[in-house]
Structure formats: structure tokens, C-alpha cells
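What follows is one structure encoded as C-alpha cells, with my remarks underneath.
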Amino acid sequence: MFIVVLMLLMIASSHSSDKEVMEIAKLNKEIKELRAEFVDTRSIVMKLKLESTIKNKVLELELKPSETPPQVIKVITVK
Amino acid sequence: MPVTKKNILNKLYIVFVFIALFFIAIIFKMVDIQVAHGDKYRSLSEQLTLRNDTILANKGSVFSADGSLLATSMSQYEIRMDAYTVNSEVFEKNIQSLADSLSKMLGNTPNHWEQKIRKARTHKNRYLFIARRLGYNDYMKIKHFPIFNLGMYKGGFIAEQSTVRVHPLGKVAERTIGYDDYRGAPGIEGAYRKYLRGEHGLRKKQKIAKGQWKPISDNNEKEPIDGKDIVTTIDVNIQDIAHHSLLRQLEYYNADHGCVVVMETKTGEIKAISNLGRTSKGTYYEKRNYAIYETQEPGSAFKLMSLVAALEAKVIDTGTIVDTGEGRYKMHNRFIHDSKRGGYGKISAARALEVSSNIGFARLIDENFGKNPDAFISLLKKMHLHQKLGLPIKGEGTPTIPAPGDKKWSKNALPSIAYGYNLELTPLQTLTFYNAIANDGEMVKPKFVKEIRSWNNQVETFGKTVIDPQICSKSTIKKVREILKNVVVRGTGKKLYSKNFSMAGKTGTARTEYWMKDWETNRRYVSSFTGYFPTENPKYSCIVVISKPKVQKGYYGADVSGPVFKDIAQKIYTSSHIINKINGIEPNFESVKTNFERYYSIINKGVKAIPNVKGMAGMDAISLLENLGLKVIFQGNGKVIEQSIPEGQKIVKGTAIKLKLA
């Protein structure tokens, strides 16, 4: 009788471990998909933020890159 | 009756014997299988249900200096369609909108897609190709198209995932980043493959239901080691400018190929490298790493090296006068020409570099080193011009500088070398020399990779490698830097001069393939511009080489390659701030002070009802009231003389208050 219980336990545990494996496979697939989404989205954003892309986009607004650098005025207080 | 009974019994015995024989046979076979062939079958069963599974190591990524991804491994999808499985009612209802969606996303007309899918349906095609190499976002989009959104069995949507290496920035610097697969291993990916790849792990697994495999033990036989990440020195912004500027010039001049490299003067870090070659259709792409592999005659760019060598030998000075005559000079039975008709006459050595006079340099070098060419060649070699840089990226071209006694050597070899022919260098080698001049004589090795990381830990960092701490004397450097500055101010690079920012460099217009018979009818040149900016305390050096521009449109270094150089210099100049320091001028007017104090006291008290703003400066009153959630409508300019809601009333957010200013 005891042995039967043990066997049942063993079967149950082996099934539950199988289930875990399926779960892991599912999660792995999800990781892959999320990673793909991340990289793909990031690559789209990176292309968008490239200066050459922005330059063409703002051309419609008749904006173009400045030919002189920004001037920073730094006020130093002399005490 | 007994007779029949016995008959039955006899039959029964026969059956019994048969069954007994049958069982004996089975038992015999069982024993046979277990004992005689047991090992064979046991191992067979193990093979079928057990396997040594490799756990794939994740490949590392390649980053730019600022952390943008340049190359990484990612899932991509190939989409196919089972055109036959779809229910005909659903199919007829949605086919048009599916075709519409597909044409919007993948091009071609809706009609084309409809025809294609219908045809596949009649042919019972269960594996119709739709698109390949789709990124995740496109995959999600296409998955939600009509019909496809019904899934695999009802909608016939088939997606096959695969892991591929992608360059998120597209074509930019593709060749230098490189790849590592069946095609070979060029670029950074190839050079650092042992870091990127990692090591696959091993694990024993047992087959279970649904085609899955279950690990047998907790421990892996061998743990996988993920690949490391490579952080390059490439600056995405400079790279972007360089790439597009080069592309524009190549397209305009319809040139065969070109390259541009930007290098940080002090450290030798390569900030941008772009190599574009023309396809048969006339478009350009990163074909080969010209900057690294292509050895060619540098032409006028080499005059700098000649001048430095001559100055070092102290045989001439920048003021030494040379007679370049009328632009045509016969030396050792061969004519040398200058690009200006009529010639430059008598000019100084410095001016000869500014205007890039071939005759000037041929004479200066030939007359001073003609009797002892070895001295000149050994000076060049002392400056490491005959050595490879020893880059980790494979395929670097070997420079050649002939010496007396070589096959290539002749009486004309020395004067030719003086103005950049009869020897070969790669663009990067030329740039390394110019960078040394910009860096006060310290020659640093070009560097592509900053560090190797594993997650957030540095694994290995690469410092700067000095090839030679001082390639020539400081006084020589000072002299040639002054001349290089003047090349842009008043020499061959005059067109590039800008009063806003400074740059220095040398143009180059070298003939190429002039040994071919058709050269006179189809002239081919290599236009280049090599230099650094700004002229004082240079931060970056840069080389632009464009091969075989269409001669009708122009071929001079300053016209073809110079603009790319200028674009980059200008970009870097405009993105650095100019800081003006002003010594503390704090405004100190009584009225301003009282106004501010009144405003400040009201705010500090915490306002619960409409305050009295009469007499307050308009800008203070408006900001005060708007911060309370009121809408301010005002008239006039100056101080408040009237407010439409009197003091002390409850504040109702969003109500309008009218102010009169005077």
C-alpha cells in the first residue's frame, strides 16, 4: 500500500515537472518575442532620431540645421 | 456421442498445442531480445528518448560609443499562408480587405495580392509565400490582418520564427561592423568573434509529450556562456552625417566608390567610417571596406609626407624657392605637369604645398635627394609609412614604398614619390599620418573598439596604442600645420574656407588606372581630402576619398571630397557650445525689487481667494493668476489698473479674469 502511494507520488511529480518544462518553453518563446519587440522598436526609434531623418522631416516646416553653434551665456557672480 | 466428444477433445489438444507453441515462441523471443540483443535495443531506446541538448549561448551585441545598438541577434519572421484551409464564406468576404492591407504594407497592388492568393487557393497551395525577414512589429501587424487574425487553422496564417543578426541602423557602417557567418568574418564582428560568440552549453534531456524535452538532472553537463558585448568607438551622429554626406557626393558625381573616416586626434578612436560602392543599378551600399583594404597611390595627399621628410633632413626650409616654370617640366626624359595652365613660376616650398605643385615637389625632392634616394626613403620608413597598422579587422592592405634596387625603382621613382605616385597606401594609413601631425607628432593607432562588456561589467578595455611618440620634430610640425591651414585659406582648398570655423588639410587629385590604354579618352581620378579641425588644438582628423567621379562634373579633391569633410567639420562645430562668460551684472533697481517682494509675499502666504493685483506689474499679475487656475485676458501694457473680479472672492478654476494694464 505504501509503495503504491509512493508510486502515485512519483507519477504525479514527474507529470508536474513535465508541466514546468512546457511552461518554461512557453516563457522562452515569450522572451524571444519580447526581445524581438524591443530590438525592433528600438531600431525604429534610432532611425527616427538620426539627424538625417529629422533634417528631412523638419524641411516641411522650413526648418534647417543651424550653421553656427549655440551661444551659452554663463553669468559668473563676483562677490 | 462419445465419438464426437473425443473429436472435440482432440481438436482442443491441437489448439492447446498451438497456443502453447505460440507462447513458447513469444517467451523465447522475449528472452532473445532481452539477453542477446538487449544492449542494442536499450541504446536505441535511449537514442530516441534521450538526447544531449545544446543550450545555445546568446550572441553578444555590438554597440556604438553612446550605447546605440549597431548589431544584435533578433527574431525575424517569415510569413506564409495556407490558402486552402480558409472557409470559403470567410474567404470571399475578407479577401479584398486582406489584399488591401498586404499591399499597403508590402507594396504591389491589392489586385496583385488578391490574384496571387486566389490562384494559390485553386491550386490548393497550403504554403504560399507572403513575406520574409519581417521584424516583430510588422509581424504583429500582419498577424492582425483580416483572415490572418483567425489563426493558423482557420485563417491559414503560418509564421516561421528564426534568429538572425540584424543591424538596427540599416546600411550605416555595415561593412565595418561586419558579420560572422557562412559568408566569412569581416569587420568588428569577425575580429571579435571569440568574444561575441560565447560557448554553447550541454544538457541531457528526455523526450516527453507534445514534442518537448525534459532535462533529466538539475545540473547542466556544461553551462552555456553567453557572448560578450562589444562597445565600439563609433559615434552615431557623426557616422550619420558622414554616411549621408558621402552618399550625396557619390550620387552627384556618379563615382565608383568612396570612403570617409573620422578619427579622434588624441586617442585614435574611429568616430565614423563609411564605405560606399556603386551597384550595377547605380545605387550605393556598403560594398567593401575601402578605407581599410584599398591600397592606392595617394597622389597629392602624400606631398605632406615628402615635405615633412625634407624638413626633417634639413635640406630645405618652408621658404626655399623652387622654380615651377610654366606648368610643364622635363625631368629624366619625362614631363611633369601642374594643374594650373601657365604654371606658378617661382614659389616657396610652403606655397608649393598650398597650390599642390607637382613640379615643385618633384624638383625639391629630386634635387636634394637625387644622389642619395635611400636617405629619403628611410625617412619615410622612419615615419612608419611602410608598415601595416595591425588592425584587428582583417583585410588591411599592405603599403608599398619602393626603394633603390626594387623592381619598381627607376630614375623617375623618386620625383614620383615626392608627389604621391609610385607608392601605395590605404586611406586609413594616410589618415593615421595626418592625425599624427594634428596630434603634435604622436602617432596613435586607429581604434575601433572601446571595451568589451558582459551585462554591466567591463571585461576588457582597450586604451590607446601609440605607434610612435614623436614621428618628427615639433618645429617641423608647427611649420607644416601652418601650411595646411593656408591650403584652406588660400590654396587648393580655398572653396571650403569658412569664416565661422577653422579646418586644415590637403586636397588630392590622383590619376588612377593611367597605365590603361583608354585613359586619355576616359580619364579616371581619385579625389581626396585629408585633414583635421579645428586648426588650433585639433579634435578630429578626417579623410575622404572618392574614386572615379564623373570627370565632366568635376574631379578635383576640393570639389568632390572636400564638401564631405566640410559637412562633418561644420556639424561638429555647430554641435559644440560656445560659452561666453559674463561677470556678474545683477540688475538692482528699486522698483523691480519692490514688485518682486510683493509678488513673493503673496505667493508665500498661500492664496485662498482672489488677491489684489492692482498696481502690480502685468507679468507678475498674469503668472500669479494663471497659477491659481484662472484664465487671464488682458489689455494694454505695464501695471495693472483694473481687475474684473474684486479682491477676496472665491477662486473658481477656469473662470476668466480681465485685467487692464497701463
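Read the figures in this text as sums done on the coordinates, not as results from a lab. Predicted model, so just to flag it, every value in this text is computed and none were measured. Note that each Cβ is placed from the backbone with ideal geometry, even for glycine, and that neighbours are counted across all protein chains shown.
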Projected onto the charge dipole of chain B (unit charges on the beta-carbon of Lys, Arg, Asp and Glu, signs +1, +1, -1, -1), the Cα from B:352, B:362, B:17 with the largest positive-side position is that of B:17
How many angstrom lie between the C-alpha centres of the stretch B:301-350 and the stretch B:537-591? 31
Given the C-alpha centroids of the stretch B:59-98 and the stretch B:171-197, what is the distance between them in whole angstrom? 25
Ranked highest first by average number of other Cβ atoms within 10 Å, how do B:373-380, B:73-80, B:352-359, B:420-427 line up? B:352-359, B:420-427, B:73-80, B:373-380
Charged-residue dipole, Cβ positions (Lys, Arg, Asp, Glu), the protein assembly as shown about Cα centre, Debye nearest 20: 1120
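Just checking the output field for B:240-251: average partner chain Cβ neighbours within 10 Å of each residue's Cβ?
What the average comes to for B:240-251 is 2.
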Along the positive direction of the dipole of the stretch B:593-661 (beta-carbon charges: Lys, Arg +1; Asp, Glu -1; about the Cα centre), which of B:635, B:651, B:606 reaches farthest? B:651
Can you tell me which of B:18-27, B:437-446 comes out highest on packing, and rank the rest after it, using the mean Cβ neighbours within 10 Å? B:437-446, B:18-27
Averaged over residues of B:67-74, the number of beta carbons from other chains lying within 10 Å of each residue's Cβ is 4
Given Cβ point charges of +1 (Lys, Arg) and -1 (Asp, Glu) and nothing else, what value in debye, to the nearest 20, does the dipole of the stretch B:336-447 about its Cα centre take? 160
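Cβ neighbours within 10 Å, averaged per peptide: list A:3-11, B:409-417 in order, most packed at the top. Don't jump to the answer; show the numbers that get you there.
On the way: A:3-11: 9.3, B:409-417: 20.7.
In decreasing order of mean packing, A:3-11, B:409-417 become B:409-417, A:3-11.
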To the nearest 10 degrees, how steep is helix B:236-253 against the longest Cα principal axis of chain B, on a 0 to 90 scale? 70
Relative contact order in percent for the stretch B:593-661 (Cα pairs under 8 Å, 6+ apart) equals 36
To check my understanding: the extent here is largest minus smallest coordinate of the Cα atoms along each principal axis. What are those three numbers for the stretch B:113-266, in Å, largest first? 62, 54, 25
Mind checking the mean number of beta-carbon atoms from other chains within 10 Å of the Cβ atoms in B:472-482? 0
Toward the positive end of the charge dipole of the stretch A:2-61, about the Cα centre and with charges on Cβ (Lys, Arg +1; Asp, Glu -1), which of A:38, A:5, A:59 goes farthest? A:59
Tensor-based shape of the stretch B:593-661 (alpha-carbon gyration tensor, a/c under 1.5 rounded, otherwise prolate or oblate): oblate
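Would you mind ranking B:306, B:541 so that the residue whose beta carbon has the fewest other beta carbons within 10 Å leads the list?
In order of increasing Cβ crowding within 10 Å: B:306, B:541.
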Here the Kirkwood hydrodynamic radius of the protein assembly as shown, Cα-based and in Å, equals 33.4
Least to most buried among B:287, B:228 (fewest other Cβ within 10 Å first): B:287, B:228
By Cβ neighbour count within 10 Å, fewest first, B:623, B:300 rank B:623, B:300
Dipole size in debye (nearest 20) for chain A around its Cα centre, Lys and Arg Cβ +1, Asp and Glu Cβ -1? 480
Whole-Hz Karplus couplings 3J(HN,Hα) for the stretch B:504-519, θ = phi - 60° and coefficients 6.51, -1.76, 1.60, Gly and Pro as x, run 9, x, 9, 7, x, 10, 9, 6, 9, 6, 6, 7, 7, 5, 8, 4
From the Cα trace of the stretch B:262-319, what convex hull volume per residue do you get, rounded to a whole Å³? 148
Determine one quarter of the surface area of the Cα convex hull of chain B, which equals its mean projected area, and express it in nm² to one decimal. 63.1
When only Cα pairs under 8 Å and 6 or more residues apart are kept, what is the percent relative contact order across chain B? 11
Using alpha-carbon positions, the gyration tensor of the stretch A:2-61 gives root eigenvalues a ≥ b ≥ c; with a/c under 1.5 called rounded, otherwise prolate if a/b exceeds b/c, else oblate, the class is prolate
As an exercise, take the mean of 1/r over every pair of distinct alpha carbons in the stretch B:495-566, invert it, and state the Kirkwood radius in angstroms. 13.0
